[in-house]
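Here the structure comes first, spelled out in structure tokens, and everything after it is commentary.
The values are calculated or read from the model by the stated rules, or taken from the named source; none is laboratory data. Note that the structure is predicted; figures quoted are calculated from it, not measured. In this analysis, Cβ positions are derived from the backbone assuming ideal geometry, glycine residues included, and neighbour counts consider all displayed protein chains. To get the accessible areas, we keep the full protein, side chains included, count just its heavy atoms, and leave off ligands, DNA and RNA. Shrake-Rupley method; radii C 1.70, N 1.55, O 1.52, S 1.80 Å.
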Amino acid sequence: MTAPWWRDAVIYQVYPRSFADANGDGIGDLAGIRSRLSYLADLGVDAIWVSPWYLSPQEDGGYDVTDFRRIDPLFGDLADAEALIGEAHDLGLRVIADIVPNHVSDEHPWFRAAFRTPPGSPEWSLFHLAPGRGADGEEPPNDWRSVFGGPAWDPIPDGSGRPTGAWFLHLFDSSQPDLNWEHPAVRAEFEDLLRFWFDRGLDGFRIDVASSLVKAPGYPDEGRAPAGTPGTPVTGGDLPQWDQPEVHDVWRAWRRIADGYEPPRVFVGEVWAESPSALAAYLRPDELHTAFNFDFMMAPWSAGRLREVIDESLSTAGLVGAPTTWVLESHDKPRVRTRFALEAAGMAIDDRSGRGEDALGERRGRAATLFMLGLPGSAYLYQGQELGLREVVELEPSVRHDPAFVRTRGTDGLRDGCRVPMPWTADGASHGFSPTGRSWLPMPPDWGHVSVERQADDPASTLSLTRSALRLRRTEIAPGDGAMAWVDVDDPAVLVVRRPGPEPAGDVLVAMNLGTREAAIPGLTLLLGSDAGVRTSGGRIVLPPDTAAWLRG
Ligand code: NOJ
Ligand code: CA
């Protein structure tokens, strides 16, 4: 029996605002994505995950949804979404959308209706509301902080703008009120939404902040100052707004719905949990299929730490028979190339004085991506990772959109740097992103050099490397998320993993050199190297520092 597709799929994340703009307003749209589906099929990914496309005031890049059954007119309409799903399927690509169950936009009809009524009304019971502290309720109900900075509560005024003493909860921006998942209407609405989209052929959902839906009764204080950054919610087994046991009931109900379809639909959760066993609980056979691997995404350039994270990831998922996932980039995190470049230079992401050791970061980013694609399980690529795009650290404050940037007065919320639109062509005002040359974020001067057009026919480019890796992943490594074993080598800075190949070709070794000296691994055939310096020499494959390779012994 062949393993279900999602156990070893490579899923490409499309951030719709920044992928391709068809109508010329400088904002990417669904027609733009449709026009580039053949690029994605050629690249060799199995599926795309599209960040939120729903009607939204776009305060948080669409993670603030007004109507989950409508496409935002910025991006197109429902017919475009249906056409996108159909055309992707024709090309052999599956489509996963994003669903945001923790909160809605403050423009959502439920929240607007609540705001027209006094606190305590049935309309308010769909949200979290609590009396403020202090004599007149002028202080927030507890010490919870928004992941985007500042308090997690906002006061509710009455019809004439006077404080009522009641507050509503928002774990993210104040324009993103949290839904009350104790309320049956909330549960029923989302179950209906799943069916709405699954009936239209959608293959699955990526679930936004899947561990935060249920809050501890009585909203107890955290009692400690959390250190959250945007996109990396403050988490912790003992924090009252994360990972509450009742949240698992929601995922069990969703799984029953997904399993009722043919083929079954799938979920990948954005799960922030304190311990491996807490994470594994979300991946039990009757809950979510997979979850993002943030430990891998945040691991430094260290062979020891990386090996530890890989082992932990496999054993965590293995506890419940789930495949693990691998991810290095997303719309919330600095580009991998720049992350490693800054790390090597001892710089932080908010240090806008430069890009750190960019050339080294590029080599490490290429190596890490090639290595990741050789690991067992499912892997994610974020748009532009296949081009080796860098983080645009130099964006001026005035052009930034990240709500956390505003809430923290620029000390945090630097996510726009990885959201600069894709460069498709070497020339042109917006490098082929938009027919009018517009772009919702400015593109840096070097964007043409890294464009798809420049890289497509260059065998040494990051695009060619990624495409080759995806092709070899299908032909040289046995399908499924099966076996992997560490191969011992003398140098602790070198990681080597053995993966079974399809019979009779034999095993593939996936290697990466995180050290400062050249490494030589016994092997006769070099299948792919992350860098021109990777070479065969006397029955060995030589890996210079900061490179990776796939080889056969
Ligand atoms: C995680 C999403 O990836 C991020 O972009 C968003 O801001 C928060 N969740 C809130 O929805
Ligand atoms: Ca557009």
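Values computed for the structure shown
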{"quantity": "Evaluation of Ala79 against (1) farther than 16 Å from Tyr15 by Cα; (2) touching a residue at least 12 places away in the same chain (Cβ under 8 Å); (3) surrounded by fewer than 23 Cβ atoms within 10 Å (Cβ to Cβ) (one fails), failing number", "calculated": "(2)"}
{"quantity": "Selection from the range 92-124 of residues that are open to solvent by 10 Å² or more (accessible area, probe 1.4 Å), part of a loop (DSSP other than H, G, I, E, B) and closer than 30 Å to Ala9 by Cβ", "calculated": "Gly92"}
{"quantity": "Among the candidates Ala359, Ala278, Ala367, residue that is modelled with pLDDT of 95 or more and over 30 Å from Arg400 (Cα atoms)", "calculated": "Ala367"}
{"quantity": "Considering residues of the range 26-43 that are assigned to a loop (DSSP other than H, G, I, E, B) and open to solvent by less than 10 Å² (accessible area, probe 1.4 Å) only, the residue farthest from ligand 1 (Cβ to nearest atom)", "calculated": "Gly26"}
{"quantity": "Test: residue in the range 13-23 that is modelled with pLDDT of 95 or more, assigned to a strand (DSSP E or B), closer than 28 Å to Gly377 by Cα and within 16 Å of ligand 1 (Cβ to nearest atom)", "calculated": "yes"}
{"quantity": "Test result for Asp67, within 16 Å of ligand 2 (Cβ to nearest atom) and more than 20 Å from the chain's Cα centre (by Cα)", "calculated": "no"}
{"quantity": "The range 355-398, residues that are on the phi > 0 side of the Ramachandran plot and either in contact with a strand residue (DSSP E or B) (Cβ under 8 Å, 6 or more places away or on another chain) or without any contact (Cβ under 8 Å) to a residue 40 or more places away in the chain (or both)", "calculated": "Gly356, Gly377"}
{"quantity": "Matching option when the condition is within 16 Å of ligand 2 (Cβ to nearest atom) and more than 19 Å from the chain's Cα centre (by Cα), among Ala429, Ala367, Ala359", "calculated": "Ala429"}
{"quantity": "Test: residue in the range 154-169 that is buried (at least 18 other Cβ atoms within 10 Å of the Cβ) and in contact with a Leu (Cβ under 6 Å, 6 or more places away or on another chain)", "calculated": "yes"}
{"quantity": "Residue in the range 437-460 that is within 27 Å of Gly538 (Cα to Cα) and at pLDDT 95 or above present", "calculated": "yes"}
{"quantity": "Among the residues listed as Val406, Val489, Val450, the single one being open to solvent by 20 Å² or more (accessible area, probe 1.4 Å) and free of Cβ contacts under 8 Å to residues at least 12 places away in the same chain", "calculated": "Val406"}
{"quantity": "Residues within the range 159-189 that are within 16 Å of ligand 1 (Cβ to nearest atom) and over 17 Å from Ala114 (Cα atoms), tallied", "calculated": "3"}
{"quantity": "Which listed residue, of Leu40, Leu55, is away from ligand 2 (no atom under 16 Å from the Cβ) and among the hydrophobic types (A, V, I, L, M, F, W, C)", "calculated": "Leu40"}
{"quantity": "Among (1) open to solvent by less than 20 Å² (accessible area, probe 1.4 Å); (2) over 26 Å from Leu30 (Cβ atoms); (3) hydrophobic (A, V, I, L, M, F, W, C) - the single one Leu414 does not satisfy", "calculated": "(1)"}
{"quantity": "Candidate set: the range 1-25, residues that are within 16 Å of ligand 2 (Cβ to nearest atom) and among the polar types (S, T, N, Q); chosen: the one most open to solvent (accessible area, probe 1.4 Å)", "calculated": "Asn23"}
{"quantity": "Conditions (1) within 16 Å of ligand 1 (Cβ to nearest atom); (2) open to solvent by 10 Å² or more (accessible area, probe 1.4 Å); (3) assigned to a strand (DSSP E or B); (4) not hydrophobic (A, V, I, L, M, F, W, C); number of the one not met by Glu59", "calculated": "(3)"}
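Yes/no per residue for (1) outside any loop (DSSP other than H, G, I, E, B); (2) open to solvent by 50 Å² or more (accessible area, probe 1.4 Å); (3) in contact with an Asp or Glu (Cβ under 6 Å, 6 or more places away or on another chain); (4) farther than 23 Å from Ala367 by Cβ:
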| position | (1), (2), (3), (4) |
| --- | --- |
| Ala426 | no, no, yes, yes |
| Ser439 | no, no, no, yes |
| Pro442 | no, yes, no, yes |
| Arg498 | yes, yes, yes, no |
| Gly506 | no, no, no, yes |
| Leu528 | yes, no, no, no |
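Okay, residues lined up against (1) away from ligand 1 (no atom under 16 Å from the Cβ); (2) open to solvent by 20 Å² or more (accessible area, probe 1.4 Å); (3) modelled with pLDDT under 95:
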site	(1), (2), (3)
Ala130	yes, no, no
Asn142	yes, no, no
Val147	no, no, yes
Glu191	yes, yes, no
Trp197	yes, no, no
Arg200	yes, yes, no
